[in-house]
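Peer 1: Below: one structure in structure tokens.
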Amino acid sequence: MRVAVIGGGVVGVCTAYYLAEAGHEVTVFERYGNVAQEASFGNLDLMGPASLRPWALPGTPSRIFSMLFRPESPVAFSAQFEPAMWRWIRRWVKECQLERFSHNQRHLHRLAAYSTGLMTELAQTHQLDFQQRSGVMVMFRTARDLQQAQPILEMLGQFGSEHELLEAQTARELEPALANAAPFHAALYIPADKVGNCPLFVRQVKTLAQNRGVEFQFNQEVQSIAPELGGVSFQVDGRSIDVDAVVVAAGSDSARLLKPIGVGMPLYPVKVYSASTAIQEFDLAPQTAVFDDTYRVAMTRLGNRIRLAGCAEMGSSTVNLHRKAISTMVKVADDWFPNAANYRTANFWCGPAGMLPEGVPLLGPTKFGNVFVNAGHGSGAWAMATGSGKLVADMVSGQTPDIDAEGLTLARYGERSFQ
Ligand SMILES: Cc1cc2nc3c(=O)[nH]c(=O)nc-3n(C[C@H](O)[C@H](O)[C@H](O)COP(=O)(O)OP(=O)(O)OC[C@H]3O[C@@H](n4cnc5c(N)ncnc54)[C@H](O)[C@@H]3O)c2cc1C
């Protein structure tokens, strides 16, 4: 079949790779000049899956709202009266209830476990080197923060993910560069979780895909999609292109492309921040990845640089940097590794990540048999990209996926509309 993939982020590129493996003639359409230019570019590089912190977690709404008026907080708001934003928040608050959280986590873990296996296989088979390292530490500043993370700890136990709760002293032995004054109660150590360079990984998978015949068309923005009997056509920069099937993997833009053909999903573009700065004192820089659970900012060492990411901004679609997000990231870095680098002169970046209130991505067919979706991975796409790509490729090919797709498809919304 001739299959078009819209979007050259980690999700689109992995999907294209597995589609080509299945024998399809695949073309990727990407509006920028290369792969991994949007959310996959800003990615902090946590490959998860156990260390990724879902936004839809019990206790998170009250914690976020209580910090909202402080100079530093995990979320900043730019627009106060945007109806789409408030609709999304209302749905997200419901998904933070314990029962919904457990339900969503079951689907996420199934997909993440499948993905981790595929990712390991891909990296070993093709000897990919994208600066992978193991070990992630989640820091709890207070006993209350640790208490709020109980549902996560229970899930890790339930799914057999190796993890260890460390007292502050033991955490310091594992990560000796932590500042003496760093304010924390305990740390969760996840030894098997990995960190790596996401854009580098995407470029390597792109090469593997090209070797299997995938064509990449860059600087090509898809304007609209028109499903037809037995095929689908779409408009790219004034041209009309006909294919047998299309996979929409356009990140935060996926909902905008699908809405005109009557496919609704509660996807909201949340702006997420990252920063990169040169290490000045190597002995005082993190050895691996550290995630501040209170401010939802993570730090890691990548070569001779420190990367920071986190902080969500809602209600803005511009590339302007929000002052609160910057001061939150600088505060977190200063609290944990104050003398490793000068964070005030870091290169700050922000970009949209397409978030669903429940945090579980949407994979597979739409109501049109030849239009498929692979979107809504929110803050954890990298942990799920290979699994999502293979699962969608299997569905496009008419094959039974290797894992149960229940809860991962649009069917979970029934006939409801989100327009
Ligand atoms: C700052 C930050 C830190 C993060 N940290 C982590 C992390 O540590 N671990 C993790 O797992 N996840 C993390 N995430 C989330 C993760 O990066 C995203 O979930 C993931 O990159 C989404 O991949 P994607 O391919 O769906 O989207 P994107 O990478 O955004 O790719 C979508 C692509 O589609 C293209 N596109 C959109 N519309 C069109 C169109 N009409 N025509 C043509 N092309 C189009 C865009 O240009 C873009 O290149 C982070 C996200 C951000 C922003």
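Peer 1: Of the GluC sites (Glu not before Pro) in segment 171-272, which ones lie in a loop per DSSP and count no more than 16 other C-beta atoms within 10 Å?
Peer 2: Counting only loop positions with at most 16 other Cβ atoms within 10 Å, the GluC sites (Glu not before Pro) in segment 171-272 are 221.
Peer 1: Next question. Tell me, how many Å apart are the Cα centres for segment 1-46 and for segment 67-95?
Peer 2: Segment 1-46 and segment 67-95 have Cα centres spaced 30 Å from each other.
Peer 1: Excluding same-chain pairs closer than 8 in sequence, count the lysine pairs in the chain whose Cα atoms lie under 25 Å apart.
Peer 2: Qualifying lysine pairs in the chain: 13.
Peer 1: Using the Cα centre as the reference, give the magnitude of the dipole from point charges on the C-beta atoms of the chain (Lys, Arg: +1; Asp, Glu: -1; all else neutral), rounded to the nearest 20 debye.
Peer 2: Here the size comes out at about 1000 debye.
Peer 1: Tilt of helix 98-125 relative to the longest C-alpha principal axis of the chain, in degrees (0 to 90, nearest 10)?
Peer 2: Long axis of 98-125 versus the principal axis of the chain: about 80 degrees.
Peer 1: Name the shape class, rounded, prolate or oblate, that the alpha-carbon gyration tensor gives for segment 54-200, where a ≥ b ≥ c are the square roots of its eigenvalues, rounded holds for a/c under 1.5, and otherwise prolate holds if a/b is larger than b/c and oblate otherwise.
Peer 2: oblate
Peer 1: Something else about it: Using only the alpha-carbon atoms of the chain as identical scatterers, what base-10 log of I(q)/I(0) does the Debye formula give at q = 0.08, 0.12, 0.13 Å⁻¹?
Peer 2: -0.41, -0.94, -1.11
Peer 1: Under the rule a/c < 1.5 gives rounded, and otherwise a/b versus b/c splits prolate from oblate, where does segment 51-140 land using the Cα gyration tensor?
Peer 2: Values: a/c = 2.36, a/b = 1.85, b/c = 1.28.
It comes out prolate by the Cα gyration axes.
Peer 1: Along the positive direction of the dipole of segment 62-207 (beta-carbon charges: Lys, Arg +1; Asp, Glu -1; about the Cα centre), which of 157, 103, 138 reaches farthest?
Peer 2: 103
Peer 1: Further question on the same structure: Would you mind classifying segment 221-272 by shape? Square roots of the alpha carbon gyration tensor eigenvalues, ordered a ≥ b ≥ c; an a/c under 1.5 is rounded, otherwise it is prolate if a/b is larger than b/c and oblate if not.
Peer 2: prolate
Peer 1: Give me the distance between the Cα centres of segment 338-400 and segment 215-292, rounded to whole Å.
Peer 2: 8 Å
Peer 1: Order of 102, 316 from fewest to most other C-beta atoms within 10 Å?
Peer 2: 102, 316
Peer 1: Which of these, 52, 229, 408, has the largest mean-square fluctuation under a Gaussian network model of the chain (Cα springs below 10 Å)?
Peer 2: Sorting by GNM fluctuation, first place goes to 229.
No lab work stands behind these numbers, since they all come straight from the coordinates. In this text, all values refer to a predicted model and were calculated from it rather than measured experimentally. Please note: Cβ atoms are built from the backbone with ideal geometry, for glycine as well, and neighbour counts cover all protein chains shown.
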